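Q: The structure is given below, and queries will be raised subsequently.
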Amino acid sequence: MPTSIAPSGADGATSSARPAEDPRADGAGAAVHVRGLVKRYGGRDVVAGLDLVADAGAVTAVLGPNGAGKTTTVECCEGLRSPDGGSVRVLGLDPVADARALRPRVGVMLQDGGLPTGARAGEVLHHVAAMYAAPRDVDELGERLGIGSFARTTVRRLSGGQRQRLSLAAAVVGRPEVVFLDEPSAGMDPQSRHAVWGLVRELRDEGTAVVLTTHLMDEAEDLADRVHVMDHGRVIATGSVPELLSPDAQDDRTLRFDAVPGLDLTAVGAALGSTLDGPLDGTLDGPLDGTVAGGPGAWTVTEPQPGSYVVTGPAGPRALAALTAWLADHDVLASRLTVGRRTLEDVFLDLTGRHLR
Amino acid sequence: MTTTTGTPAPSALAAPAWRRVLAQAGFETRAVLRNGEQLLVTIVLPVLVLLGLTRTGVVEIDTGGLARIDFVTPGVLALACVSTAFTSQAIATAFDRRNGVLRLLATTPLGRGGLLAGKLLGVLAVELVQVVVIGAVALALGWQPAAGGILPAIGIGLLGTACFTALALLLAGTLRAEGVLALANLVLVLLVVGGGLLVPPEQLPGPLAQLAAFLPSGALGEAMRGALLGTGVPPLAVAVLAAWTALLAWAAARFFRWQ
C-alpha cells in the first residue's frame with residue numbers, strides 16, 4: 001500500500017517512533033492488529049472476517065453505517081468481548097488473556113458513556129485518574145475540554161456533549177498508548193467537537209494510536225490518517241482519505257445545485273456528456289439515478305433529496321456552462337450552485353449504497 | 001512523549017491495587033451517603049423501625065422477659081445489614097450495569113476484581129456508619145448489649161454481608177434495572193415482615209415459623225440476637241447462613257452478566 005500520500009504528520013510521527021520498520025507492511029508492529037475477526041450473536045455474524053490495522057502516532061477511523069459492526073469490533077479490541085474467530089492483538093498482547101497488562105496502557109470511551117450518573121463530573125474524572133500511577137493533570141485536562149464549567153454538576157444533569165467530553169477525558173487521563181473512541185462526537189455541539197478534535201490531534205502527535213468509530217464523514221476526513229470503511233461486518237475499503245478518494249477520480253468534481261424537484265436526470269447527464277470528447281453510450285438506470293458513461297470520465301447525476309442534485313464527473317468550466325444552459329433551456333432557476341471536490345461521503349455512499357437501513 | 005517506543009511494565013503505569021480498591025470503595029460509599037433514597041433505606045428506615053418497635057406497641061413481640069430494646073436492637077442491626085448489602089447494593093449495581101459503568105471501569109486498571117472488592121469494602125463502610133448511628137440511638141434508649149457477644153456479632157455481620165451482597169449481585173447481574181429496583185425493595189419489606197429479621201422465626205404465624213428459620217434473613221436475625229443477647233449463637237443459624245452464602249456466591253459468579 002502506498003504511504004506517501006497520507007496527510008502530514010502521520011508518517012513523520014510513525015517513522016520517528018519506529019525507524020527500523022514499516023509497521024504497515026504486514027501490520028505486525030502495529031499498535032492494533034486485527035486479523036480475520038469473527039463475532040456472532042445468535043448465529044448471525046456481526047463481524048465476519050475483519051482485518052484492521054492501527055499505528056502508533058496515527059488516527060485510524062472505522063467508518064460505517066449503523067449496524068456495520070463497528071462497536072462490536074472495537075469492544076473485541078478493548079477486551080470487553082471475546083472473539084469467536086480470528087486474532088486481535090493490541091500492543092502485541094491479547095485483549096482478553098492479557099487484560100491486566102493492557103488496561104493501564106489502553107484508554108476507552110464507550111458509546112453509551114459508562115459514567116456513574118449520581119456523581120459529579122469532576123469527581124468522576126478524579127476517580128478514574130486515581131486508577132493510574134502517573135495520570136495527566138486532571139485540572140489541565142478538564143480545562144482543555146471545558147469540563148471546569150460543569151465539574152460540580154452531577155453526570156445525570158449533563159448535556160450529551162458535556163458527557164461525551166467527560167468520557168473522552170476519562171479515556172485519556174491515564175496517558176494511554178492506545179485510545180479507542182466509539183463515536184466521540186455523537187451529540188456534541190460544534191465547539192465541543194472542535195475541542196475534541198484538537199485533543200485527538202494532540203494525542204496523535206504525542207505518539208498515541210487513536211482508533212475512532214464514526215459515521216460522520218467530516219470527522220473521518222478531517223482527523224483520520226487512515227480510514228477503514230466497514231459494512232456488514234467487513235472492511236470493504238482501507239486507505240488514507242486521498243487514497244480512498246481514488247487517484248483515478250482525483251480530477252472529479254462535484255456540482256451540487258438546488259432547484260425544483262423531479263428534473264430529468266438522464267437529460268441533465270446527456271447535456272453534460274456533450275461537453276466530453278467521444279460518443280456517449282448513455283446507460284441509464286432508474287428515474288432518480290442516471291449515469292452517463294462517456295469516455296475516460298463518467299457523469300453521475302443524482303437527486304439524493306427532492307430538489308437537491310449532485311453531479312459528479314470531470315467538471316470544468318464548459319460543464320458548468322452546459323449545466324446552466326440546460327437549466328436555462330428548461331426555464332429552471334437553480335437557487336444554489338456549488339462546485340466542489342468529490343468527498344469521502346460520495347465514496348462512502350458508493351461503497352455502502354444509498355438505501356436507508 | 002515517547003512512550004510508544006518503550007513498553008514500561010504495567011505495574012508502573014497503574015496505581016497500586018490497594019489504592020485502586022480503596023478509591024473505588026470511597027467512591028461507592030460517597031455515592032450511597034449522598035443519595036437520598038439510599039440514605040432513607042439504609043439509615044432512616046432502620047432507625048424508624050428501632051424507635052417504632054421500642055417506643056410503641058404496634059407490633060407484638062414476645063421478648064421472653066428481656067428488655068425490649070435489648071431484644072429489638074440486634075434485629076435492627078440485621079435489617080441494616082440487609083438494607084445496605086442487599087437492597088442498596090442491588091439497585092446501585094443494576095443501574096451501573098445498565099449505564100455501562102461496570103464495563104467502563106472494567107477497562108481501567110481497576111478491572112472486574114477490583115470493582116467487586118471496592119463494592120464490598122464500600123458496603124462495609126456504609127455498615128460502619130449504620131452501626132454507629134443505630135448503636136448510638138439504641139444506647140440512648142437504654143440498650144445493653146452482651147459484651148462477650150460483640151465480637152461474634154461482627155463475624156455474623158460479615159457473613160451476612162457476604163451472603164446478601166452475593167444475592168444483590170445475582171439480581172443486579174441478571175435482571176433489568178427497573179426490575180431490580182422494584183424487587184430489591186419488595187424483598188426487603190417481605191424479609192422485615194415475615195423473614196425472621198426482627199421477629200424471631202418461631203413467633204411468625206403458620207408455616208412461616210419453619211420456613212423463616214431456613215431463610216438467610218431468619219438465620220442472620222437469630223444469630224445476631226443470640227450473640228448480642230448473650231444467649232449463645234445458634235449453630236444451626238450460622239450453618240444456614242454459611243450455606244446460603246456459598247450457594248449465592250456461586251450463583252452470582254456463574255450467572256452475573258457484565259453487560
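The values are calculated or read from the model by the stated rules, or taken from the named source; none is laboratory data. Fair warning: this is a prediction, and the values are worked out from it, not measured in the lab. Counting neighbours? That spans all protein chains shown, and the Cβs are built from the backbone with ideal geometry, glycine included.
Q: For a quick check of your reading of the model, give me the residue pairs whose first member lies in the stretch B:209-230 and is of a type in the set (A, V, I, L, M, F, W, C) and at pLDDT 95 or above, whose second is surrounded by 24 or more Cβ atoms within 10 Å (Cβ to Cβ) and not in a helix (DSSP H, G or I), with beta-carbon atoms closer than 6 Å and at least 6 apart or on different chains.
A: B:215/B:195
Q: Note down all Cβ pairs under 6 Å where the first residue falls in the stretch B:33-44 and is at the interface with chain A (Cβ under 10 Å from one of its Cβ atoms) and among the polar types (S, T, N, Q), the second is part of a helix (DSSP H, G or I) and crowded, with 20+ Cβ neighbours inside 10 Å, and they're at least six residues apart or on different chains.
A: B:38/B:32; B:38/B:88
Q: To continue, here is another question. Listed residues A:179, A:172, A:138; which is farther than 17 Å from residue A:206 by Cα and among the β-branched types (Val, Ile, Thr)? Explain how you work it out, then say what you get.
A: Values: A:179 fails: farther than 17 Å from residue A:206 by Cα; A:172 fails: farther than 17 Å from residue A:206 by Cα.
Going through A:179, A:172, A:138 in turn, just one is farther than 17 Å from residue A:206 by Cα and among the β-branched types (Val, Ile, Thr): A:138.
Q: Moving on to the next point. Kindly establish whether residue A:274 is surrounded by fewer than 17 Cβ atoms within 10 Å (Cβ to Cβ), outside the structural domain of residue A:218 (by TED's automatic domain parsing) and modelled with pLDDT of 75 or more.
A: no
Q: If I ask for residues that are surrounded by fewer than 24 Cβ atoms within 10 Å (Cβ to Cβ) and farther than 17 Å from residue A:160 by Cβ, which ones from the stretch A:214-224 would you list?
A: Filtering the stretch A:214-224 down to residues surrounded by fewer than 24 Cβ atoms within 10 Å (Cβ to Cβ) leaves A:214-219, A:221-222.
Matches in the stretch A:214-224: A:217, A:218, A:221, A:222.
Q: Continuing with this model, one more query. Is it the case that the stretch A:205-218 has a residue that's closer than 19 Å to residue A:77 by Cα and in contact with a Lys or Arg (Cβ under 7 Å, 6 or more places away or on another chain)?
A: Yes.
Q: Further question: Any residue at all in the stretch B:89-111 that is surrounded by fewer than 22 Cβ atoms within 10 Å (Cβ to Cβ) and under 21 Å from residue B:212 (Cβ atoms)?
A: Scanning the stretch B:89-111, I find no residue that is surrounded by fewer than 22 Cβ atoms within 10 Å (Cβ to Cβ) and under 21 Å from residue B:212 (Cβ atoms), so the answer is no.
Q: Another question, then. Output the residues belonging to the stretch A:66-84 that are away from chain B (no Cβ under 12 Å) and on the phi > 0 side of the Ramachandran plot.
A: The answer is A:67, A:69.
Q: Can you pull out every residue in the stretch A:150-189 that is out of contact with any Asp or Glu (no Cβ under 7 Å at 6 or more places or on another chain), hydroxyl-bearing (Ser, Thr, Tyr) and away from every other protein chain (no Cβ under 11 Å)?
A: Hits for the stretch A:150-189 are A:153, A:159.
Q: I'd like to know if the stretch A:90-99 contains one or more residues that are buried (at least 19 other Cβ atoms within 10 Å of the Cβ), facing another protein chain (nearest Cβ under 8 Å) and within 25 Å of the chain's Cα centre (by Cα).
A: Yes, the conditions are met somewhere in the stretch A:90-99.
Q: How many residues, within the stretch B:26-59, are surrounded by 20 or more Cβ atoms within 10 Å (Cβ to Cβ) and of a type in the set (Gly, Ala, Ser)?
A: Residues in the stretch B:26-59 being surrounded by 20 or more Cβ atoms within 10 Å (Cβ to Cβ) and of a type in the set (Gly, Ala, Ser): 1 in total.
Q: Here is a follow-up. Could you say which residue among B:63, B:107, B:84 is more than 30 Å from residue B:144 (Cα to Cα) and β-branched (Val, Ile, Thr)?
A: Of B:63, B:107, B:84, the one residue that is more than 30 Å from residue B:144 (Cα to Cα) and β-branched (Val, Ile, Thr) is B:107.
Q: Pull up the stretch A:107-149, narrow it to residues that are more than 7 Å from chain B (Cβ to nearest Cβ) and in a strand (DSSP E or B), then point me to the one that is nearest to the chain's Cα centre (by Cα).
A: Here the answer is A:109.
Q: Which one of A:42, A:29 is over 18 Å from residue A:176 (Cα atoms) and surrounded by fewer than 22 Cβ atoms within 10 Å (Cβ to Cβ)?
A: Details: A:29 fails: over 18 Å from residue A:176 (Cα atoms).
When all the criteria are applied, what remains is A:42.
Q: So which helices (runs of 4 or more DSSP H) are wholly in the stretch B:1-60 and hold at least 3 residues that are over 27 Å from the mean Cα position of the chain (by Cα) and modelled with pLDDT under 90?
A: Fully inside the stretch B:1-60 and qualifying: B:10-13.
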